[in-house]
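Every number in this text was worked out from the coordinates using simple rules, so none of it is lab data. What you see is a predicted model; the values in this text were computed from it and never measured. Cβ placement follows ideal geometry from the backbone for every residue including glycine, while neighbour counts extend to all protein chains displayed.
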Amino acid sequence: MVAEPATIDPMDEIDTETETELEDDRLRLIFTCCHPALALEGRVALTLRTLAGLSTAEIARAFIVSEPTMAKRLVRAKHKIVGARIPYRVPPAHLLPERTTGVLAVLYLLFNEGYAASGGPDLIRANLCNEAIRLARALTQLMPDEPEARGLLALMLFHHSRRDARLDDAGDLITLEDQDRSRWDATEIAEANAMLERALRERLVGPYQLQAAIAACHANAPRADETDWDQIAALYELLLGLTPTPVVELNRAVAIAMARGPEDGLALVDQLGPSDLLQGYYLLHATRADLLRRLERPAEAAAAYRQALALVGSDAERRFLTRRLAEVSGR
């Protein structure tokens, strides 16, 4: 177990007396912590640790790095605050835009941890989802002309609308294609559609709007077999141009597998195999296992499911992978 870095508390330095248009206390503090003098990853990680209360392990999984690596990064960020005498004050209104990217990332990762917990008995942490949505609403009110804030809120609402259909009565995972869509929250989907449409009218498309557009393809499909996977693959291609990360490449591979067949998707996933970043990412191995299962290659699928099981954190996802492993192993 890695000890939590607690040598310096940046919250001790926060001055909340500066005049600003920020009315939500939690959002004020997030803007305060997302100081542009820190590297983006450092400011986001430190805010999640200090204000959102996520553990170092949870933040490490969000950034797909080891826990000791993230612990060192948090310590370095805290030392930089003190060493560079970075003032922690609520920024005035005209300085909010330079911190918006960090604030959006904090809310995005906070929601992600709530939507699919990185570890523990509960897959869904409703309190984190609700708080992230509340803060995203406050952000859109504060910055009504920021399309990425609207895109992020739409993305959260699309995903949150499925909350009642994602687990069965035993708390086991139900995949997207098998969910009862009548249990999806139609009111939230309608709000998300309107939010996304308004954001896209600004013609300043960013990664959160693209992810919301992908989520909209799922949310607006009456049945799983009516999902427009070609459109989703095209949207992932655009997203890859803005955020060229292995995780986006993995998601694009899944979309291509669904649009063109598992063999095409598997070829792309196997190209990602050597990526150092993804080797410890259980979804790489789980995705590969699922594609091999669909291709009726059970022995290879079983090996990939075992790799995923060695890395998965949440109990619900572990049970799901265990069932899949038993299926392909003939047990």
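Overview of values
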| quantity | calculated |
| --- | --- |
| R0 of 22 Å, Cβ-Cβ distance ARG319-GLU41: FRET efficiency to nearest 0.05 | 0.10 |
| Potential lengthening between LEU95 and ALA221 on full extension [0.36 nm per residue; Cα-Cα distance subtracted] | 41.3 nm |
| Proxy reagent accessibility, fewest Cβ within 10 Å first, across SER329, SER314 | SER329, SER314 |
| Sequence of LEU204, LEU27 once ranked by neighbouring C-beta atoms within 10 Å, starting from the fewest | LEU204, LEU27 |
| Alpha carbon centroid spacing (whole Å) that separates the range 225-251 from the range 130-171 | 20 Å |
| Residue among HIS285, HIS160, HIS79 with the largest mean-square fluctuation in a Gaussian network model of the chain, springs linking Cα atoms under 10 Å | HIS79 |
| The chain: proportion of alpha-carbon pairs further apart than 38 angstrom, % | 16 percent |
| Net lengthening on full extension, GLU197/ARG85 (0.36 nm per residue, minus Cα-Cα) | 36.1 nm |
| Coordinate range along principal axes, alpha carbons of the range 36-175, Å, largest first | 52, 39, 18 |
| Sorted by Cβ neighbour density within 10 Å, fewest at the top, the residues TYR305, TYR281 | TYR281, TYR305 |
| Rounded to 10°, Cα long-axis angle of helix 282-294 versus longest principal axis of the chain | 20 degrees |
| For the range 232-305, the spread of Cα positions along each principal axis, largest first, Å | 37, 27, 15 |
| Cα-based equivalent ellipsoid of the range 155-205: semi-axis lengths in Å, sorted from largest, via gyration tensor | 27, 10, 8 |
| Cα coordinate range in the range 272-316, projected on the principal axes (Å, largest first) | 27, 27, 12 |
| DSSP loop GluC sites (Glu not before Pro) with at most 16 other Cβ within 10 Å: longest gap in the chain | 24-201 |
| Normalised per residue, the volume of the convex hull around the Cα set of the range 90-150 (Å³) | 85 Å³ |
| In nm, spacing of pseudo-spin labels at ALA170 and VAL75 (7 Å Cα→C-beta vector) | 4.4 nm |
| Debye intensity ratio I(q)/I(0), log10, the range 199-331, q values 0.17, 0.22 Å⁻¹ (C-alpha model) | -0.97, -1.33 |
